[in-house]
Amino acid sequence: MYSSLAIAIHDAESRGLRLSAVALEAESRDNGRSVADIRQVLGRALAVMREAVSRGAAGDLRSASGLVGGDAAKLREGPAGPLSGTPFREVLMRALAVQEVNAAMGVIVAAPTAGGAGVLPAVLTGLADARGIGDDGLIDALATAGLIGAIVAERASLSGAEGGCQAETGAAAGMAAGAAVEMLGGTPSQCGHAVALAQQGTLGLVCDPLGGLVELPCVFRNATGSAIALAAIEMALAGIEFAIPADEVIDTMGQIGREMDVRYRETAGGGLAATPTGRRLARERLYQLKKG
Amino acid sequence: MVSILDIIGPVMVGPSSSHTAGACRLGLLARNLVGGTPQRAHVELHGSFARTGEGHGTDKAIVGGLLGFRPDDERLRTALEIAAGEGLAYTFSKTRLGEENEVHPNTVRITVERDGNTSVMTGSSLGAGRILVSEIDGFPVEVHANHHTIVLVAEDIRGSIARITTLLAEDGVNIATIRVSRRHRGGDAFMVIELDEPPGDEVRDHIKELAWVRWAVKLDRMTG
C-alpha cells in the first residue's frame, strides 16, 4: 500500500486513473486478492453502513450509560434550520445516527475507527444519495478513503489513545473529503487538497470523552467532523489549493499527537471529560453502568 | 503494511475499535493458545485499557473473544453473563506492564488455562482494530494476525527451516513470510511463519513432535 498521498496522486495522474483505481491495484498486489473480491468486501461494509444509518435515524436507541441517543431523529424530524432540506443537514443527521448506533453497542463499520465511524458513511452516502450516485461509485469512494486512511496509519496514527481525536474524527474527515471529491468528479490532485483542507481543520483536536466512554462528545464530533469534510470538499472542488501538501499535514497531525499530553488521549483526564459537569455525569453514569 | 480492508473495517459491535474490536481479537488469540474456551482466565489491563476499559466494553469484548465470539457478534454485549454457562471463570485486574512511553497504552496480558494447559499472552490494540501480540509464554514475538501464523522456538540445527517448510508444503499451505532470528550461534532459533491458508491442526502437532522444537503455537488470522 502507499505511504505517501503525493506518490499515489502522481501514479494516478500519470496514468490517467483515479485514486480508487491505484488503491485497488495496490491492495490486490499486496494481498493477492482480486479487485472484484476486494470490492465485494467493501460492498458488504457499505451495506452495514447503510443499515447503521437507518437504525440510528429511527431514534429509539440509547447508549449504555444513557448519555447519548435520539439526537439524529431530531435532525430528521425537528424544527427547520438554515440547512433544512440540504444534503448538509442530511449528512449531519447520518453522522449522529451511525455514532448513536455505535454508542449503543450496535453493529457499525470501524472506518477508520469506531469512534470516528459516523463521518465516512454520512458524507459519502449523504452526498451520493443527493446526486443519484449508486453503490459502484460508493465502493470506489470507500477504496479511496481506505487508501487515505492507510497513509494516515502509516505516517501518523488512527488511534485516539495515541494521537487524540484528530487521529479519529480528524482522519475520518480527511478520508471522507478526499473520497467524496473523487466521487463527485474531482481530480486526484483535488482529492489531495481536500484531504489537506479537512485535516488542517482538525489539527490539535483532543480526545476527551466523558468517563472514557465513546459517547460524549464523540457522537457530536462525528457531526462536526463531517461538517469540516463538507467544507473541504466544497473548497477543493471549487479549485482551491492548500499550500501545505496532504502528506505534510498528516505528518503534522502525527507530531502533534506524539506531543499531546496523555490527559488528552482518550484517558478522560482532561478536556470536556475533566469539566465539573463532565466529571459529575461520568460518575453518575458509570455508577448506572455498574448497577445495570 | 496497512491494508485498505483494515481501514474500512472491521464490521464490529461498538463502541471502540481499539477497546472493543481489538480487545475481542486479543481474546480470540488467547483462546487459540489453549485450543478452545478456557476454563479460567485472568486478564490484566494496562494503561488506557485499565483506565477506560469498562466504559468501552473492553471486559465484555475480551471475555467474548475468549468465548470465540468475533468482533461483529452481538453476543459481545452480554458476554460476561454468557461466560458462566460456557464454563469460563474470569478475573480482571489493573496493572502496569511498563513505562508509559515504552508500553502501548492499550495493552493487556491474558493468562488462560484449559484442561491443565496454561498460556500467557501479552498484546496491544493499535487502533482501527489492528493488534500486535508482543509476548507469548515468555517469548518475545511480533504477531499482527493479518495472516494465519505459526510461531515456534527450535534448537539451532541444520535443516530445521527446510524440515518445517516441507511439513507446511505437504499440508498444502503457502508461506507468505518467514522470519527467523536467534540470539547467538547454537542458541534457540525463533521462527514466525505467516501463511496464506489456515494450516491443519495435524501440521502444528507434527511440528510440535519434532524433537528439536521446544515450543510452537498456531494463531488464526484475525482480519479479512
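The values are calculated or read from the model by the stated rules, or taken from the named source; none is laboratory data. Not measured: the values here are computed from a predicted model. Cβ placement follows ideal geometry from the backbone for every residue including glycine, while neighbour counts extend to all protein chains displayed. Side chains included, ligands, DNA and RNA excluded: accessible areas come from the protein's heavy atoms. Shrake-Rupley method; radii C 1.70, N 1.55, O 1.52, S 1.80 Å.
Conditions tested, residue by residue: (1) in a helix (DSSP H, G or I); (2) under 20 Å from A:P217 (Cβ atoms); (3) within 14 Å of chain B (Cβ to nearest Cβ).
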site	(1), (2), (3)
A:A26	yes, no, yes
A:R39	yes, no, yes
A:A52	yes, yes, yes
A:G59	no, yes, no
A:S65	no, yes, yes
A:E90	yes, no, no
A:A95	yes, yes, no
A:V101	yes, yes, yes
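Within segment B:1-59, count every residue that is buried (at least 24 other Cβ atoms within 10 Å of the Cβ), within 16 Å of the chain's Cα centre (by Cα) and in a loop (DSSP other than H, G, I, E, B).
Here the count works out to 1.
I'd like to check something: does segment B:156-171 contain any residue that is under 29 Å from A:A117 (Cβ atoms) and open to solvent by 20 Å² or more (accessible area, probe 1.4 Å)?
Narrowing segment B:156-171 to residues under 29 Å from A:A117 (Cβ atoms): none.
Within segment B:156-171, not a single residue is under 29 Å from A:A117 (Cβ atoms) and open to solvent by 20 Å² or more (accessible area, probe 1.4 Å).
When the residues of segment B:104-118 are narrowed to those that are open to solvent by less than 80 Å² (accessible area, probe 1.4 Å) and over 17 Å from the mean Cα position of the chain (by Cα), which ends up farthest from A:V262 (Cα to Cα)?
Restricting attention to segment B:104-118, the residues satisfying the condition of being open to solvent by less than 80 Å² (accessible area, probe 1.4 Å) are B:104-114, B:116.
Still in the running and over 17 Å from the mean Cα position of the chain (by Cα): B:105, B:116.
Numbers: B:P105: 10, B:G116: 40 Å.
Result: B:G116.
Looking only at segment B:96-110, how many residues end up being basic (K, R) and closer than 11 Å to B:G47 by Cβ?
Selection size over segment B:96-110: 1.
Could you grab me the full set of residues in segment A:72-84 that are buried (at least 20 other Cβ atoms within 10 Å of the Cβ) and within 26 Å of A:R280 (Cα to Cα)?
Result: A:A72, single match.
May I ask you to list the residues in segment A:85-113 that are modelled with pLDDT of 95 or more and open to solvent by 20 Å² or more (accessible area, probe 1.4 Å)?
Across segment A:85-113, the qualifying residues are A:T86, A:P87, A:F88, A:R89, A:E90, A:L92, A:R94, A:V107.
Give A:A243, A:A232, A:A238 a once-over and let me know the one that is farther than 30 Å from A:G66 by Cβ, modelled with pLDDT of 95 or more, more than 12 Å from every other protein chain (Cβ to nearest Cβ) and open to solvent by less than 10 Å² (accessible area, probe 1.4 Å).
A:A232
Can you work out which of the residues in segment A:240-280 that are in a loop (DSSP other than H, G, I, E, B) and free of Cβ contacts under 8 Å to residues at least 24 places away in the same chain is nearest to A:P87 (Cα to Cα)?
Step by step, filter segment A:240-280, then rank; the result is A:A243.
Kindly list the number of the only condition in (1) closer than 15 Å to B:L126 by Cα; (2) at the interface with chain A (Cβ under 7 Å from one of its Cβ atoms) that fails for B:G22.
With (1) closer than 15 Å to B:L126 by Cα; (2) at the interface with chain A (Cβ under 7 Å from one of its Cβ atoms) applied to B:G22, the lone miss is (2).
A:A130 fails exactly one of the following numbered conditions: (1) small (G, A, S); (2) facing chain B (nearest Cβ under 9 Å); (3) part of a helix (DSSP H, G or I). What is the number of that condition?
(2)
Considering each residue of segment A:41-50, count those that are facing another protein chain (nearest Cβ under 9 Å) and either touching a His at 6+ places or on another chain (Cβ under 9 Å) or of a type outside the set (A, V, I, L, M, F, W, C) (or both), and give that number.
Of the residues in that region, 1 qualify.
Looking at B:A128, B:A176 in this structure, which one is surrounded by 14 or more Cβ atoms within 10 Å (Cβ to Cβ), of a type in the set (A, V, I, L, M, F, W, C) and modelled with pLDDT under 90?
Selected residue: B:A128, the only one of B:A128, B:A176 that is surrounded by 14 or more Cβ atoms within 10 Å (Cβ to Cβ), of a type in the set (A, V, I, L, M, F, W, C) and modelled with pLDDT under 90.
So for segment A:205-226 (the condition being among the hydrophobic types (A, V, I, L, M, F, W, C), under 11 Å from the mean Cα position of the chain (by Cα) and either under 18 Å from A:P112 (Cβ atoms) or assigned to a helix (DSSP H, G or I) (or both)), does at least one residue qualify?
yes
In segment A:264-287, how many residues are open to solvent by 60 Å² or more (accessible area, probe 1.4 Å) and away from chain B (no Cβ under 11 Å)?
Final tally of qualifying residues: 9.
In segment B:200-221, which residues are touching a helix residue (DSSP H, G or I) at 6+ places or on another chain (Cβ under 9 Å) and open to solvent by 10 Å² or more (accessible area, probe 1.4 Å)?
Matches in segment B:200-221: B:H206, B:L210, B:W212, B:V213, B:W215, B:V217, B:K218, B:D220.
Which number in (1) away from chain B (no Cβ under 14 Å); (2) under 15 Å from the mean Cα position of the chain (by Cα) marks the one condition that A:H193 misses?
(2)
Might you let me know whether segment B:61-76 holds any residue that is out of contact with any Cys (no Cβ under 6 Å at 6 or more places or on another chain), at pLDDT 95 or above, more than 14 Å from every other protein chain (Cβ to nearest Cβ) and in a loop (DSSP other than H, G, I, E, B)?
Taking every residue of segment B:61-76 in turn, at least one turns out to be out of contact with any Cys (no Cβ under 6 Å at 6 or more places or on another chain), at pLDDT 95 or above, more than 14 Å from every other protein chain (Cβ to nearest Cβ) and in a loop (DSSP other than H, G, I, E, B).
Within segment A:14-38, restricting attention to residues that are open to solvent by 60 Å² or more (accessible area, probe 1.4 Å) and out of contact with any Ser or Thr (no Cβ under 7 Å at 6 or more places or on another chain), which residue is nearest to B:E197 (Cα to Cα)?
A:G32
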